[in-house]
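Read-outs: derived from the displayed coordinates by stated rules, not from any lab. All figures in this text were calculated on a predicted structure; none of them were measured in a lab. Here Cβ is always computed from backbone atoms with ideal geometry, including for glycine, and neighbour counts include all displayed protein chains.
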C-alpha cells in the first residue's frame, strides 16, 4: 500500500519567495505531523493536525510558517518570505490515531538562496 | 525546550562488529523510540519502548528503556552493510490536547567498512 508521500521532493527558492509543500498521508490516518530537519540534526516538531483541526502549532518558528489540512487528508505547509535559515528538509508523518506509530514521508528538501 | 543528547555522533566500524549507541535526557519520557534514516528518506521506526527498565529485541537490534526514564540505549549485533545509516532516538510525550509529540536526538551516523 501507499505510504506517506510529499511533493516536491526538492525545492529551490530565492530569498523572499513564498513556497508551499504538500503532504499526502496514509489513507485513513487521522493524525498528521510536520517536522523540520536541519542538516546534520534530528527532526524538530513543527505542528500537529487531528483530522482538519490544527491542535498544536507550538513548533512553528515564526508567523511566516502556516500549515493547513482543510479536508482532513492532504496537508500543505506554507512558508512566506523565505529566509536562508529556512533551508532544511521538511518531513511529514501520519498516524492512524493520536497515539499510534508515526509513519514518515521522504521529505521535501528546501534550499533558499 | 526538551533536548536529547545522543552519542556517539558517528561510528566507523568493521562489518560483523557490534554497535552501541545511547541517548540521555534531562526530562522524563513516557516512551522511547529508535529510528533509522537512510539518505533521501524519512525515519523508519525500529524499536519502541514503553516501560522503564524494558529490554526489547528486534532481530539483531536490542534496546533498553532506562529505569530513570531519562535514557535509552540501542545495540546492533553482527553489523552488516545494510545497517549503514543515521540512527535517531526519540522521546515521546503528550501535549495538553493529548497529541503525541516526539523529541529527537541529534543522530548517530553509522559507517561500515566491508
* Rounded to the nearest Å, what's the spacing between the alpha carbon centres of segment A:24-43 and segment B:65-106? Just the number, please. => 16 Å
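Rounded to two decimals, what is the ratio between the C-alpha radius of gyration of chain B and 2.2 N^0.38 Å?
Ratio of Rg to 2.2 N^0.38 Å for chain B: 1.04.
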* Report the label-to-label distance for residue B:68 and residue A:83 in nanometres (one decimal), using points 7 Å from each Cα along the Cα→Cβ vector. => 3.6 nm
* Asked: For the protein assembly as shown, what mean projected area does the convex hull of the alpha carbons give, in nm²?
  -> 12.4 nm²
* **segment A:24-113, Cα convex hull volume normalised per residue, Å³** => 92 Å³
* Structure fact -> Going fewest to most other Cβ atoms within 10 Å around each Cβ, B:56, B:111, B:31 line up as B:111, B:56, B:31
* When chain B is treated as a GNM, springs tying every alpha-carbon pair under 10 Å, which of B:63, B:52, B:99 comes out with the largest mean-square fluctuation? -> B:99
